[in-house]
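Worksheet: one structure, shown below.
The values are calculated or read from the model by the stated rules, or taken from the named source; none is laboratory data. The structure displayed is predicted, hence computed values, not measured ones. Reconstructed Cβ throughout: ideal geometry from the backbone, glycine too, with neighbour counts over all protein chains shown.
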Amino acid sequence: MRWNSVVMRVEALPVDEAIKEQLRNEGILELYPPQAEAIETGFLETGENLVVAIPTASGKTLVAKIAIAQRLLEQGGKAVYLSPLRALAKEKYDELRRFLEPLGFRTVLTTGDYDSDDGWLGGYDVIVTTNEKFDSILRRKPGWLEALSILISDEVHFMGSKDRGPVLEIVLTQIQKKFVSAQILALSATIKNADEIAEWLNAKLVYSEWRPVVLKEGVYFDEIISYSNGEEIALENEFGEPYITLAVDAYRLGGQALVFANTRASAETSAEKVGRALKKELSPKELATARELANELEKIGEDTQLKKRLVRCVSMGTAFHHAGLHYKHRELVENAFRENKLKVISATPTLAAGINIPARVVIIRSLTRYEFGYGNTWIPVMEYKQMAGRAGRPQYDSEGEAIVVALNKRTRDFIIDNYINADVEPIESKLAVESVMRTLILSLVVTKDAQSIEEIMDFIERTFLGYTFQSAISYLESQVERTVKFLKQNALLKQSSPLEATKLGRRVSELYLDPLSAITIKEGLKRAQTLVEVPNVSYLHLICSTPDMRTFFTRKKEEEVLDDQYQEMLSYWLVDYPEESKDYVFNLQALKTALVLEEWMDEISENSIILKWGVGSGDIISAVSTGDWLLYATEEIAGLLSYDESRKQVEIIRERLKAGVKEELLDLVRLPGIGRVRARILYNNGYPSPHEIATAPVKEIARLQGFGVRLAEQIIKAAKKRLADDGHTDIKETERNDELVPIEEAIGGRKESIGEPILDDYFSSG
């Protein structure tokens, strides 16, 4: 349906009076036209499925909040809200909790930890989670799932993503097949084949291009902004670089700007250059606010070169934003921009897909991106529309502008024809990929949702892939047969009929592993049994060689060094030496990632790792998190195979990686409130274990940098409890007169502190 001029006031909503009151409490007195159109479909009364495909900032989430509240008040049961990204899930959780808890509904956020039965979630009414986490929940079938009443799938157009799309498609297929009474509400940006997705979901469709803020799209070339409606505006390129001129102009007109760049380095440079121009424009009060913000940022995390660069930008009223930043730095930048303390953010396109940060003007420096093996390629139209859609703040602006910078007239015309005036690409299934198929088939067999080729095909025919590619069913069946054969050959499925998982296959599915990752780990563990000694880095390289680990790209200058290191330890590696050049490149990336993890757990400073390997704090955090999960999986597989020595070694590696410490500090970081920074200071000042801490006077611990009396009391209490739990009852306080070791010496002679992304052990936090 297309938008009409529907105006619906809250009083007219066909919902419980308590919901109307809550809407009024949030300052909502009438709905946007697309929201009203959604209500007018009658889906609230009938319980029918609904797809809402409308632009960014047009109010999709409000429709979801009303739907959840009304469904739970009328039907009871549970609501699940799915998000494609963790950051977005956190944002939606905060928003839903504020709205739903006054109505009496308990809301919870759960992401990660795929090896859990999640029965505890039954104590909540609304579960906010990611697609991947909910997929793992579906595999374990906790009892509360039977009470599922409504499922919200946010950003359902992510189904076309090669990385995240297949999981969402599988989840939606499972819901339709197994929870027929549960209502599905799918929220999407405007997409070309929204009607096709609605038909697949047996849903009504609300399709609208209405926005609360008018969007003007244009291209800047030769000091002229050419808009899609034919309008042209002259703007002198005052600062030499068009994006700087456009950003400063946005500020002068009373707005904020988002600058999108196609690389991290470009985003950082853009923020610096805009900042140098902008700081001359800021009022004394705005400059003072920016400097206060920079001081606040400076206290968070380790003093890396990346953080120092960000602090410089923030002090000028700008910032950069990308996945390489520490998540706390990203949060501070996002919140400061929302509060108008920062005037310009320069970001990579991931910001557009992730969280809701609109601006008066969106400036896109380039619509191309480097693709390995292909060079610079044009990005999809959908990606452009996601960035452009961030233009315009509903509560402040009557219109927003999205402006692309063109280098020549030919490019300008190309952008207008192929991006601004073009439809987005249709959403296509990415399910027919080997890695997805083997994971899907194993999970279907493990959960007994399919125990034959025919039953697997029945499921696939219910997917969006099966719905849209009926003509390819015979090809898909041959792919299923090959995959089943592969899983049997690698002992994940039994050589039997009906299909049945082996003990290993069942555990692999529960661990949420790609079966190929499990096979790689299994073969690596088998090889480890033939070695007299296995260095820790060999196990790290093993997990980094699996398809579940996102490895770091290698730079040209690193390749020779990595190759030399690989050759030196050739007899210790647990995966085969690759012969094909493409596989060899991947192997070097796996080795680089393993070395970064090894340096992290050897207490090498975050700054040193960043400078040496060209990664960011956020990259390290992400790699540590994934490494923790894959090492846990390796522990479990080693246990199933009775490789006890390997399991013990991997268990220690995992604990060290998670805390970022050498083995000598493990006893200390097991105490609450002690991360790797404080553990190293305690150790080097004569407190190598809980026993020395438990018997120390409070004043001795309190005098150490980064501690204080309150923390010292808590740590001593925790140490005493640990000893008591271990059966030690003869704990007596002793006096100490040791010399205090300076912090530089305590943390290995480095002036900077060591970051701790898992435990957040920073001096600034207490």
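Here's the yes/no breakdown for (1) in contact (Cβ under 8 Å) with a residue 12 or more places away in the chain; (2) farther than 24 Å from Thr304 by Cβ:
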{"position": "Asp564", "(1), (2)": "no, yes"}
{"position": "Trp573", "(1), (2)": "yes, yes"}
{"position": "Tyr584", "(1), (2)": "no, yes"}
{"position": "Thr593", "(1), (2)": "yes, no"}
{"position": "Glu598", "(1), (2)": "yes, no"}
{"position": "Trp613", "(1), (2)": "yes, no"}
{"position": "Gly618", "(1), (2)": "yes, no"}
Looking at Gly104, Gly77 in this structure, which one is over 15 Å from Gln22 (Cβ atoms) and of a type outside the set (D, E, K, R)?
Gly77
For segment 75-91, indicate whether the set of residues that are of a type in the set (Ser, Thr, Tyr), on the phi < 0 side of the Ramachandran plot and in a loop (DSSP other than H, G, I, E, B) is non-empty.
no
Restricting the search to segment 256-290, which residues are surrounded by fewer than 22 Cβ atoms within 10 Å (Cβ to Cβ) and outside any helix (DSSP H, G or I)?
Asn262, Thr263, Lys279, Lys280, Glu281, Leu282, Ser283
Looking at this structure, is Arg678 more than 19 Å from Glu598 (Cα to Cα) and either not assigned by TED's automatic domain parsing to the domain that holds His728 or not in a loop (DSSP other than H, G, I, E, B) (or both)?
yes
Restricting to segment 706-730, count the residues that are touching a helix residue (DSSP H, G or I) at 6+ places or on another chain (Cβ under 7 Å) and surrounded by fewer than 17 Cβ atoms within 10 Å (Cβ to Cβ).
3
Suppose the filter is among the aliphatic types (A, V, I, L, M), closer than 20 Å to Lys178 by Cα and either in contact (Cβ under 8 Å) with a residue 24 or more places away in the chain or surrounded by fewer than 21 Cβ atoms within 10 Å (Cβ to Cβ) (or both); does Leu444 pass it?
no
Subset of segment 473-513 that is among the aromatic types (Phe, Trp, Tyr) and part of a helix (DSSP H, G or I) - its residue that is farthest from Tyr632 (Cα to Cα):
Tyr475
Reported set for segment 15-29 where residues are of a type outside the set (A, V, I, L, M), assigned to a helix (DSSP H, G or I) and surrounded by fewer than 17 Cβ atoms within 10 Å (Cβ to Cβ) is Glu17, Glu21, Arg24, Asn25
Any residue that is under 30 Å from Pro535 (Cβ atoms), surrounded by 23 or more Cβ atoms within 10 Å (Cβ to Cβ) and touching an Asp or Glu at 6+ places or on another chain (Cβ under 6 Å) - is there at least one of those in segment 665-675?
yes
Which listed residue, of Leu630, Leu665, is touching a Cys at 6+ places or on another chain (Cβ under 9 Å) and assigned to a helix (DSSP H, G or I)
Leu630
Selected residue (only one of Thr463, Thr483 is under 20 Å from Ser435 (Cβ atoms), out of contact with any Lys or Arg (no Cβ under 6 Å at 6 or more places or on another chain), buried (at least 19 other Cβ atoms within 10 Å of the Cβ) and polar (S, T, N, Q)):
Thr463
Residues of segment 310-359 that turn out to be among the polar types (S, T, N, Q) and either assigned to a loop (DSSP other than H, G, I, E, B) or over 19 Å from Ser266 (Cα atoms) (or both), as a count:
5
Applying the selection to segment 172-183, what residues are touching a helix residue (DSSP H, G or I) at 6+ places or on another chain (Cβ under 7 Å) and surrounded by 21 or more Cβ atoms within 10 Å (Cβ to Cβ)?
Thr173, Gln174, Ala182, Gln183
Unique match (being touching a strand residue (DSSP E or B) at 6+ places or on another chain (Cβ under 6 Å) and modelled with pLDDT of 95 or more) among Val446, Val480:
Val446
Check Asp563, Asp548 and return the single one that is of a type in the set (Asp, Glu) and in a helix (DSSP H, G or I).
Asp563
Ala57 being modelled with pLDDT under 95, surrounded by 15 or more Cβ atoms within 10 Å (Cβ to Cβ) and under 33 Å from the mean Cα position of the chain (by Cα):
yes
Restricting attention to segment 99-110, does a residue exist that is closer than 17 Å to Ser509 by Cβ and out of contact with any strand residue (DSSP E or B) (no Cβ under 7 Å at 6 or more places or on another chain)?
no
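Condition check ((1) surrounded by fewer than 22 Cβ atoms within 10 Å (Cβ to Cβ); (2) more than 23 Å from Glu533 (Cβ to Cβ); (3) polar (S, T, N, Q)) across all residues:
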site: Glu558; (1), (2), (3): yes, yes, no
site: Leu562; (1), (2), (3): yes, no, no
site: Tyr566; (1), (2), (3): yes, no, no
site: Tyr584; (1), (2), (3): yes, yes, no
site: Asn587; (1), (2), (3): no, no, yes
site: Glu598; (1), (2), (3): yes, no, no
site: Ile604; (1), (2), (3): yes, no, no
site: Asn607; (1), (2), (3): no, yes, yes
site: Ile610; (1), (2), (3): no, yes, no
